[in-house]
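The values are calculated or read from the model by the stated rules, or taken from the named source; none is laboratory data. From a predicted model like this one, the values you see are computed outputs, not experimental measurements. Cβ placement follows ideal geometry from the backbone for every residue including glycine, while neighbour counts extend to all protein chains displayed. In case anyone asks, the SASA skips ligands and DNA or RNA and just uses the protein heavy atoms, side chains included. Shrake-Rupley method; radii C 1.70, N 1.55, O 1.52, S 1.80 Å.
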Amino acid sequence: MADSYPRVMVADDNGNFFDHPELEMLVWDGESLRRPLREELIQLPLGSDLFMLPERSPLAALPGTDDVVELDEGPDGSPLHAVSAFVAPAYVRLYHPAYDTRAGAPDLSLYAYSAVGWMNGRLYVPAVRVDQDKRQDPYRFDIEEVEQKVLQFKLQHPGNQTVKHLEHCALVYHCRAAQNYFLGRWEAPLPAASTCNAACIGCISDQQDINVEAAHSRLSIPSRPDDLIEVAVTHLERVPNGVVSFGQGCEGEPLVQGPVLEATVRGIRERTSAGVVNLNSNASLPKVVARLADAGLDAIRISINSARAPYYERYYRPTGYTLDNVLESAKEMSSRGRYVSLNYFVFPGVSDSPAEIEALCAFIEAGGVQMVQLRNLNIDPELYLRELGEGAVEDPIGVVPFIHTLRARFPKLRFGYFNPPRTRQGRPGPLPGAKLAPVYAS
Ligand code: SF4
C-alpha cells in the first residue's frame, strides 16, 4: 500500500538504517515538535548524506495523530538511534530531526542536521533549493579530470604555494571551489590567512573547545600576494563571468592579513578588470575593508549567525571587535557602490524568531545589503542553543515564511547560496519556496 505520509527512519548500533513499518516522521522547529507539511517535503537531493545520531532516541508520531512515541530500542531490545540528513549545497533545511538525547551522548560533529523520512521507497526532507546555480552539483565533478588538471597546473605554476595548497583542498578535502579552479569555471578560492580574530563555536578550520574535530586543518602560513595574484588572474582571464574569493573554510580571517590582501587586490586589478574579486569574511575590521574597496575589491560576503549582538558574540566570541564594526564594514562597501551580501547561517528556531527577523532587517537596511546567502549552520543543535542561552528562540514562524518576510520588506533583495557573478548582481532572482506561500497563507 502506498504511503500517504513519510515514516520515521531509525538506525541500529552498527549504523544500519531502517524505515519504521508504521510510525510517522516528526520534526523539531527549534521550539516544539510537529509534523512537517506534505508540501514542505522534497526528495533527498543528490549529493546529500545520511547520518546516524548516536545515543539519540528517534521521536515519531502514531499514524494520523500527533501522539509522540519515543523509540529507545528495537524489537530485539538493542538500542535505536535517530537518523538525519545533511542536505546538498544550494538547499536549506526547514527543520531539525526529532529526537531525545540519552545521558552520556557525545556532541554531534559539525554538520547541519535535517529531519528525514521514508515514503514510497524514497527518502524525503523538509528543505528548499535557495540557489539554481549548479556550480556545486556533485554530478558535475569528475575527480580524474581534476587530477589531470592539477598536474597541468603544477607544471605551469611550479613555485606557487597557493596552487600547492589548492591541490590538497581539491584532492583531499574535495573542496568544490578548489576543484572549479582547476577545472577553469565559476568561482575560485584565494585562501590567505592562518589566524583569526574570532573563535566561532562551530569553526570548521580550528576547534579548541567542543569535543568535535574541525573539518579542515587551517592554512599554516599566510599566502604570498604574488601567488594569490597569479591564481586570481589565471582564473579571471580564462573564465567568463568568473569570481575569485578570499575567505575559505581552510583558513582564518582574511582581514587580519590586510596588507597581503590590499597588495593582492591592487595587483589583480592592475592586470585585469575581468570578473569579480570577492571577500568572504567576518567583516570585523572596517578600516581594512575601506582600503580594500579603494584598492578595487568588488564584493564582500559577511558571515553572521545572528543580527542580535548577544547571540552573535556568544557564537563568534570575537576578539577586539563587535557586531557594530561588522555593520560599519558593510557600510564601507555599500557607500562605495560595491556589492554586499550576507552569509547568513540559518538555524530553524533562531533565524525565524520575530526578534531575529527585526534585527536582521535593521542590519540589511543600515548596511545596504543586496543579497542574503542562506547557509545551514553546521553544529549540534542542542549544543548551539545551550551556548546561545535564553531568548534565542521565541515563537519561530518557519524558515520559508522568514525568507518571504525579508523579500516583502526588501523587494530587490536577492537570495541564494553562492557568490553571484557580476551579471547577476543587483537582480533579485527567484524567491525560494515561492510555491509554499499559499500553503502558509491558508
Ligand atoms: S570567523 Fe571563520 S575562521 Fe574565524 S573562528 Fe569563525 S569560522 Fe573560524
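Using a Förster radius of 51 Å, what is the FRET efficiency between Q156 and E22 based on their Cβ-Cβ separation? Nearest 0.05, please.
0.25
Mean 1/r over all different Cα pairs, inverted: what Kirkwood radius does the range 97-171 give, in Å?
For the range 97-171, the Kirkwood estimate is 17.1 Å.
Using a Förster distance of 25 angstrom, determine the FRET efficiency expected from the C-beta separation of D12 and R386, and round it to 0.05.
0.35
May I ask which residue of L80, P106, P259 lies farthest towards the positive end of the charge dipole of the chain, with charges of +1 (Lys, Arg) and -1 (Asp, Glu) on Cβ and the Cα centre as origin?
About the Cα centre, the residue reaching furthest to the positive side is P259.
Determine the distance separating the Cα centre of the range 211-256 from the Cα centre of the range 64-129; give it in Å without decimals.
35
By average Cβ neighbour count within 10 Å, what is the ranking of 33-40, 102-109, 326-333 from highest down?
Packing proxy ranking, top to bottom: 326-333, 33-40, 102-109.
On alpha carbon coordinates alone, what is the Rg over Rh value for the range 236-390, Rh being the Kirkwood radius?
0.99
In the chain, carbon and sulfur make up what percent of the accessible area (probe 1.4 Å)?
The C+S portion of the solvent-accessible surface of the chain is 50 percent.
Would you please calculate the Kirkwood hydrodynamic radius of the range 83-216 over all C-alpha pairs and express it in Å, rounded to one decimal?
When all Cα pairs of the range 83-216 are included, the Kirkwood radius is 17.8 Å.
Calculate one ³J(HN,Hα) per residue across the range 187-198 by plugging θ = phi - 60° into the Karplus curve 6.51 cos²θ - 1.76 cosθ + 1.60, and present them in order as whole Hz with x for glycine and proline.
10, 10, x, 10, x, 10, 10, 9, 9, 8, 9, 9
Order 361-371, 9-19 from most to least packed using the mean count of other Cβ atoms within 10 Å.
361-371, 9-19
Any idea how far apart D67 and E39 come out in nm if each label point goes 7 Å out from Cα toward Cβ?
The modelled label-to-label distance comes out at 3.0 nm.
Under a 5 Å amide H to amide H cut-off, with H placed in plane at 1.01 Å, what residues pair with G74 once short-range neighbours are removed?
The list, which skips near neighbours in sequence, is L80.
Treating only the Cα positions of the range 233-289 as identical point scatterers, give the base-10 log of I(q)/I(0) from the Debye formula at each q in 0.15, 0.24, 0.29 Å⁻¹.
-0.45, -1.01, -1.21
Using every pair of alpha-carbon atoms in the range 176-307, split the distances into 10 Å bins beginning at 0 and state the percent of pairs per bin, rounded to integers.
Taking every Cα pair in the range 176-307, the percentages come to 13, 44, 33, 9, 1.
With r defined as the distance between the Cβ atoms of I143 and E270 and R0 fixed at 30 Å, what FRET efficiency is calculated, to the nearest 0.05?
0.25
Quick one: work out the % antiparallel among DSSP beta bridges in the chain, nearest 5.
So the antiparallel bridges amount to about 60 percent of the total.
Using +1 on the beta carbon of Lys and Arg, -1 on that of Asp and Glu, and nothing else charged, what's the dipole of the chain about the Cα centre, debye to 20?
Using Cβ point charges on Lys, Arg, Asp and Glu, the chain gives about 2420 debye.
Angle, helix 354-367 long axis vs. longest principal axis of the chain, Cα atoms, 0 to 90°, nearest 10?
Taking the Cα atoms of the chain, the angle to 354-367 is about 10 degrees.
Do you know the relative contact order of the chain, to the nearest whole percent, from alpha carbon pairs under 8 angstrom that are 6+ apart?
14
So for the range 140-441, if I pair up every lysine 8 or more residues apart or on another chain, how many of those pairs have alpha-carbons under 29 Å apart?
Close lysine pairs under the 29 Å cut-off: 6.
Long-range amide H contacts for L50: which residues qualify at under 5 Å (H placed 1.01 Å from N, peptide plane, sequence gap of 5 or more or a different chain)?
Hits under the 5 Å cutoff: F86.
Output needed for the chain: three equivalent-ellipsoid semi-axes, defined as square roots of 5 times the C-alpha gyration tensor eigenvalues, in descending order, whole Å.
Output for the chain: semi-axes of 38, 24, 21 Å.
Taking amide hydrogens as modeled 1.01 Å from N in the peptide plane, which residues meet the under 5 Å criterion relative to A127, leaving out close sequence neighbours?
I42, L94
Let me know the volume per residue of the alpha-carbon convex hull for the range 1-104, in Å³.
126
Counting only C-alpha contacts under 8 Å and six or more residues apart, can you give the relative contact order of the range 150-246 as a whole percent?
32
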